[in-house]
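Student: Quick one: the structure is below, and I'll ask about it shortly.
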Amino acid sequence: MKKQLFIFLFLSHLIVFSQDNNSLNSSYPTNYFKSPLNIPLILSGTFGELRTNHFHSGLDIKTNQREGLQVLASAEGYVSRISVSHWGFGKAIYITHPNGFTTVYGHLQKFSDRIETYIKNEQYKKESFEVQVFPLSTDLPVLQNEIIALSGSTGGFVGPHLHFEIRDTKSEKPINPLFFGIDISDSKNPRINTLIGYSLDEKSQINRLNIPTQLSFKKLENGDLLANKINAFGTIGFGINSFDQLDNAANLNGIFSLEMFVNGEKKHEFKATSFSFSESKLINLLLDYERLEILNQRIQKCYIEPLNDLSLYDHSLKNGYIFVQDGLTYNVEIIIKDFKGNNQKIIIPVIGKDDTILVSNTPKITPYEINYNQFHTFNKDGITVAFPKFTFYQNFYLDFDVKDSVVKVHSPILPLNNNYTLTFDVSNYSEGKKKQLYIASIDDKKRTSYETTVKKENSFYTSTKKLGNFTLLSDEKKPTITLLNFNDGQWLTNSTSLKVKISDTGSGIHSYRGEIDGAWILMEYNVKNSVLTYDLNDKIFTSAEHHFKIEVTDNVGNTNTMNATFFRKK
Ligand SMILES: [Zn+2]
């Protein structure tokens, strides 16, 4: 019994040790992974950077503003996953290494011949450009420094760069690649742009305000920042906007760590070490979500709200809430650092003063009260919203209304933990009309976008994480198809590709299918210019006359087909 207890203590100690941030440096191999590019490494994005709805999971390495640079395997191993997607990492390779880590290379333009052949085979088998495959360890082994791909800009609207990640193979958690000895030149201090003070309960105040307050500060001779003295009372917290610039690049990257001390005692710490993808959405609790949505200002809160168990925080320090008492003074210091230890400190002197509050944040009371841990459903004019338990992170009054067929489901100022459903009664529409209907969200500039619409007889619904305005729209128009680099009836002996532009106003493109002589062909879709490209070298043409057919369907099922004949023999 004693022995078991001893082993348990020993093991738990080991686990604690390996999770300690300061020991992370020494617990990862620093000489194993080589640079994935042959050029000096300059970053346009750092690990843990605060992005839209997620933390950045790797390094964004600059590729001299161009595509086609050789991408090298960072260490020996085998290709364990290849994914091709219109969005996300675009064309990406995952290499699993024998030391328990997996490296990821994203936004690639093209795979190496061996990998390209392998993936094209899968794409033809599945008749889909978008695929995700998991090769066996014996299928595609790679050596260190082997060219695995050319760099590109695939996956959504990104410019040319290489996204590089190192993950723990078993847990799939991405780890800050800089822990592995990848050296980035950085001699500049990170910077603090904005300081916000938060009153965190109804009775608390900062400078007699109970609403978030921007606070001024100045730079001292020693480089530290000093905020103007504030009077405060009750539970308060702070938030900052910050960035880090690396050498040789103008990009505003993320910081590595943020610490907050109150009267010399550490009360809060964030460190960009490692996280799990399931935690990504907690970025919306780390940030002042409302400020981000309304003012486009990215404020990292230096306090942790009750439902935020993000592992990038040191939770042993409590939550960073500061309890200010009348008549006492507090010295608050926030220190941010980059990976090299360059830092910036801001000092905030706080004087405890219980004064009358001048402005407070009174919530608008509506009949639609939400308790975040309960199920709620509300209905108005044939439109139903249903919020499962834990859709939200907080209790509040929902602003829910229907006017001129537009439903308002609050405003997009609250982060959502899970999807909710929005259902429209469509029993008043004819069967023909119903076919063309879809649910659209309307943004603050009145632009509409298709929301995945599930149709069930007299009710259409969507499952979404968006708040704001929605309506039913009708799409009667077929998608358009334009041949770009060839015409019907043309000889294409010297051409290398067929290019077709597709577009759809209204519900948007749902799917496309290209064929030559009745067989599916791989057409690569570029979301940046809506162009589909077929590589004519994918096929050996034995006869001269060929029939090209393309079919494009929008999200409500309107389909357009175009046929063209071309001649090619080789
Ligand atoms: Zn990236």
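The values are calculated or read from the model by the stated rules, or taken from the named source; none is laboratory data. Being a predicted model, the structure only gives us computed values, none of them experimental. Positions of Cβ are generated from backbone atoms using ideal geometry, with glycine treated the same way; all protein chains shown enter the neighbour counts. Only protein heavy atoms, including side chains, enter the accessible area calculation; ligands, DNA and RNA are left aside. Shrake-Rupley method; radii C 1.70, N 1.55, O 1.52, S 1.80 Å.
Listed here are the residues, each with its yes/no results for (1) in contact with a Phe, Trp or Tyr (Cβ under 6 Å, 6 or more places away or on another chain); (2) modelled with pLDDT of 95 or more; (3) assigned to a loop (DSSP other than H, G, I, E, B).
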| site | (1), (2), (3) |
| --- | --- |
| Phe424 | yes, yes, no |
| Gly432 | no, no, no |
| Lys466 | no, yes, yes |
| Asn469 | no, yes, no |
| Lys478 | no, yes, yes |
| Thr493 | no, no, yes |
| Lys501 | no, yes, no |
| Ser507 | yes, yes, yes |
| His510 | no, yes, no |
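Student: Right, something else. Kindly check whether there is at least one residue in the range 135-153 that is within 16 Å of the ligand (Cβ to nearest atom), in the same structural domain as Phe89 (by TED's automatic domain parsing) and part of a loop (DSSP other than H, G, I, E, B).
Tutor: Kept after step one, since they are within 16 Å of the ligand (Cβ to nearest atom), are these residues of the range 135-153: 149, 151-153.
Still in the list and also in the same structural domain as Phe89 (by TED's automatic domain parsing): 149, 151-153.
Still in the running and part of a loop (DSSP other than H, G, I, E, B): 153.
Yes.
Student: Next up: Of everything in the range 77-100 that's among the aromatic types (Phe, Trp, Tyr) and buried (at least 17 other Cβ atoms within 10 Å of the Cβ), which residue is nearest to the chain's Cα centre (by Cα)? Explain how you work it out, then say what you get.
Tutor: Narrowing the range 77-100 to residues among the aromatic types (Phe, Trp, Tyr): 78, 87, 89, 94.
Keeping just the survivors that are buried (at least 17 other Cβ atoms within 10 Å of the Cβ) gives 78, 89, 94.
On the way: Tyr78: 27, Phe89: 11, Tyr94: 19 Å.
Going through the qualifying residues, I end up with Phe89.
Student: Another question, then. Going by what's in this entry, would Phe179 be described as assigned to a helix (DSSP H, G or I) and open to solvent by less than 20 Å² (accessible area, probe 1.4 Å)? Spell out the reasoning first.
Tutor: Details: assigned to a helix (DSSP H, G or I): yes; open to solvent by less than 20 Å² (accessible area, probe 1.4 Å): yes.
Yes.
Student: State all residues of the range 154-176 that are assigned to a strand (DSSP E or B) and either open to solvent by 50 Å² or more (accessible area, probe 1.4 Å) or away from the ligand (no atom under 16 Å from the Cβ) (or both); if no residue qualifies, say none.
Tutor: To start, the set of residues in the range 154-176 that are assigned to a strand (DSSP E or B) comprises 161-168, 174-175.
Passing the criteria: only Asp168.
Student: So Val350 fits all but one of (1) more than 28 Å from the chain's Cα centre (by Cα); (2) closer than 30 Å to Ser187 by Cβ; what number is the exception?
Tutor: Every condition holds for Val350 apart from (2).
Student: Continuing with the same structure: Give me the pairs, please: first residue somewhere in the range 106-117 and within 16 Å of the ligand (Cβ to nearest atom), second residue anywhere and of a type in the set (Lys, Arg), beta-carbon distance under 9 Å, and either six or more positions apart or on two chains.
Tutor: Close Cβ pairs satisfying both conditions: Gly106/Lys91; His107/Lys91; Leu108/Lys91; Gln109/Lys91.
Student: Going by the conditions given, is Val71 within 16 Å of the ligand (Cβ to nearest atom) and in contact with a Pro (Cβ under 6 Å, 6 or more places away or on another chain)? It would help to see each step written out before you state the result.
Tutor: On the way: within 16 Å of the ligand (Cβ to nearest atom): yes; in contact with a Pro (Cβ under 6 Å, 6 or more places away or on another chain): yes.
It is true that Val71 is within 16 Å of the ligand (Cβ to nearest atom) and in contact with a Pro (Cβ under 6 Å, 6 or more places away or on another chain).
Student: Taking the residues in the range 80-94 that are assigned to a loop (DSSP other than H, G, I, E, B) and not hydrophobic (A, V, I, L, M, F, W, C) as candidates, determine which candidate is farthest from the ligand (Cβ to nearest atom). Can you show your working first?
Tutor: Quick first cut of the range 80-94, residues assigned to a loop (DSSP other than H, G, I, E, B) only: 85-90.
Imposing the further condition that a residue be not hydrophobic (A, V, I, L, M, F, W, C) reduces the set to 85-86, 88, 90.
Details: Ser85: 14, His86: 16, Gly88: 10, Gly90: 11 Å.
Per the stated criteria, the residue is His86.
Student: Check the range 369-379 and report whether any residue there is in contact with a Ser or Thr (Cβ under 6 Å, 6 or more places away or on another chain) and surrounded by fewer than 16 Cβ atoms within 10 Å (Cβ to Cβ).
Tutor: In the first step, residues of the range 369-379 are kept if they are in contact with a Ser or Thr (Cβ under 6 Å, 6 or more places away or on another chain); the result is none.
Scanning the range 369-379, I find no residue that is in contact with a Ser or Thr (Cβ under 6 Å, 6 or more places away or on another chain) and surrounded by fewer than 16 Cβ atoms within 10 Å (Cβ to Cβ), so the answer is no.
Student: Being aromatic (Phe, Trp, Tyr) and farther than 23 Å from Ser57 by Cβ is the filter here, so list the residues in the range 247-262 that pass it.
Tutor: Taking the range 247-262 first, the residues aromatic (Phe, Trp, Tyr) are 256, 261.
Answer for the range 247-262, where residues must be aromatic (Phe, Trp, Tyr) and farther than 23 Å from Ser57 by Cβ: just Phe261.
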